[in-house]
Amino acid sequence: MGQFRAADLLRRKPVGQVVAEGGEHLPDEGLHRSIGLFQLTMLGVGATIGTGIFVALTTAVPAAGPAVVVSFVIAGITAALTALCYAELASTIPVSGSSYSYAYATLGEFVAFLVGACLLLEYAVSASAIAVGWGQYLNEMFSDLIGWRMPDAIAKAPGAGGVFNLPAVVLVGACLILLLRGVKESVTVNAVLVVLKLLVLLFFVVIAFSGFQAHNLTPFAPMGVAGIGAAASSIFFSYIGIDAVSTAGDEVKDPRRTLPLGIILSLLIVTGVYILVALAAVGAQPWTAFAGQEAGLAVILRNLTGQAWTSLILCVGAIISIFSITLVVMYGQTRILYAMSRDGLLPKVFQRVNPKTQSPDLNTWIVAAFIALLAAFVPLDTLVNLTSMGTLIAFAIVSLGVILLRRTQPDLPRGYRVPLYPVVPVLSVGFCGYLIYGLPLDTWILFAAWGAAACAIYFGYSVRKSKLATA
């Protein structure tokens, strides 16, 4: 191994090696290609729709007012610019690990490890944030069906009036069981759940627009431009599905074609649904009513129609939606850990695959335990902002990776090329920077602590155990 050198931080993994390792599918060791375009697109939609709509409107609308619709547009533009960059790198480097793998091939090992740390934060914290909101809709469903609600002590996290968020832990446990059965079964169940929740959101849009009141949109931007930007920053975690699509690189059929198509189709569906639902919601209810409102979309329907059954349908849709998102986000995190372990940067326990199910079992158990603890004990707003920070940094790195790979290896085979290069990747980095700037100070402090811990692991373990160091 020899003595550590500063140059070790910049060692890059050759693209050919990254792709070759991703294509290794030994019967008992590798991941298998079993995911088609429809399942992949539903994977992306499933990882995305629900977080910003079912959970985060209660924090985003008070920050921006009715102009939250503009916040979703800004976040959507940022995501669209980044999605085009993801599509190029995913078609060039079609393997598990998403932006971690892309950074390893373009920016070097140390940056790749930090990107991996951002992704792990992004996935674990977002899954926790989503799971925290599950109990809200369960309570609304129980209230509509039998007139009973779970006590706050077990339905909410500390800081929000609770002691231990039991529904969140149950949700993570259910996703764990399904993931342990194997990826093919998981993505099939997810595709069915996604179609159901899209139908439920369409149901909400139709009823909410029937009660649309133009005066609810005035004043349109009570908090000004700063409020719009702050809301866009906090809801950006809703677009994590873009990254989730690329984590499936080792398990997608014909990845050079399927990955970019899956990324772009997912984003188009997600952005359209977000804007429609947000506009319908703020038109149907005064923006001041959103603050602290639990299970907000269900409450809007009940207030509009005076009928509990409309709220019940929405609650069931939210419960399904949040389950499918948690499932996909947990799946994505296990695959990033798998890729980092395969490179020697994390212990081998994260790459052990069950020969029967082709699932990384121990890896999945560890991820589930960590997410369950966060969901049980950490307040929602803290989780949401931390997820946005991790997501935005990873997205900015992907966009930089497109530029560097075009300059250093212009002749690499690419199944897709970013249009208007280099304008699109530069704009993507700029938009990500703008949204990062809008995050609150406590998020920066917590993120700095996470980064310090990642550096300690890298210099204490990874820099010596890396396969590039021992080759």
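The values are calculated or read from the model by the stated rules, or taken from the named source; none is laboratory data. Please read these numbers as outputs of a predicted model, since none were measured by experiment. A quick note on method: Cβ atoms are made from the backbone with ideal geometry, for glycine too, and the neighbour counts reach across all protein chains shown.
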*Among the residues of region 282-305, is any surrounded by fewer than 24 Cβ atoms within 10 Å (Cβ to Cβ) and of a type in the set (Ser, Thr, Tyr)?*
yes
_Going by what's in this entry, would Leu383 be described as without any contact (Cβ under 8 Å) to a residue 12 or more places away in the chain and not acidic (Asp, Glu)?_
no
_Breaking point among (1) in contact with a Gly (Cβ under 6 Å, 6 or more places away or on another chain); (2) surrounded by fewer than 24 Cβ atoms within 10 Å (Cβ to Cβ); (3) aliphatic (A, V, I, L, M), for Met340_ = (2)
*Working only within region 404-460, note down all residues that are in contact with a Ser or Thr (Cβ under 6 Å, 6 or more places away or on another chain) and among the aliphatic types (A, V, I, L, M).*
Leu404, Leu405, Leu412, Val429, Leu435, Leu439
*Hey, among the residues in region 253-276 that are in contact with a strand residue (DSSP E or B) (Cβ under 7 Å, 6 or more places away or on another chain) and assigned to a helix (DSSP H, G or I), which one's modelled with the highest pLDDT?*
Thr258
*Residue tally, condition surrounded by 13 or more Cβ atoms within 10 Å (Cβ to Cβ) and part of a helix (DSSP H, G or I), over region 410-432*: 9
*Could you list, in sequence order, all residues of region 353-389 that are closer than 21 Å to Ile457 by Cβ, surrounded by fewer than 21 Cβ atoms within 10 Å (Cβ to Cβ) and in contact with a Phe, Trp or Tyr (Cβ under 9 Å, 6 or more places away or on another chain)?*
Leu362, Ile366
*asked:* Looking only at region 289-342, count every residue that is closer than 30 Å to Arg464 by Cα and of a type in the set (D, E, K, R) and tell me the total.
replied: 2
*Going through region 390-409 one residue at a time, which ones are surrounded by 13 or more Cβ atoms within 10 Å (Cβ to Cβ) and either of a type in the set (Ser, Thr, Tyr) or touching an Asp or Glu at 6+ places or on another chain (Cβ under 8 Å) (or both)?*
Gly390, Thr391, Ala394, Phe395, Ser399, Val402
*Please state which of the following conditions Ile242 fails to meet, knowing it meets all the rest: (1) modelled with pLDDT under 80; (2) farther than 30 Å from Tyr338 by Cα.*
(2)
*Residue list for region 248-280, restricted to those being charged (D, E, K, R) and surrounded by 23 or more Cβ atoms within 10 Å (Cβ to Cβ)*: Asp250, Glu251
*Which one is nearest to Gln213 (Cα to Cα) among residues in region 280-297 that are part of a loop (DSSP other than H, G, I, E, B) and touching a Ser or Thr at 6+ places or on another chain (Cβ under 6 Å)?*
Phe290
*Can you name the residue in region 148-168 that is buried (at least 20 other Cβ atoms within 10 Å of the Cβ) and closer than 18 Å to Ala124 by Cα and is also modelled with the lowest pLDDT among such residues?*
Ala157
*Out of Ile336, Ile325, Ile320, report the one residue that is in a helix (DSSP H, G or I), touching a Lys or Arg at 6+ places or on another chain (Cβ under 8 Å) and either in contact (Cβ under 8 Å) with a residue 12 or more places away in the chain or among the charged types (D, E, K, R) (or both).*
Ile320
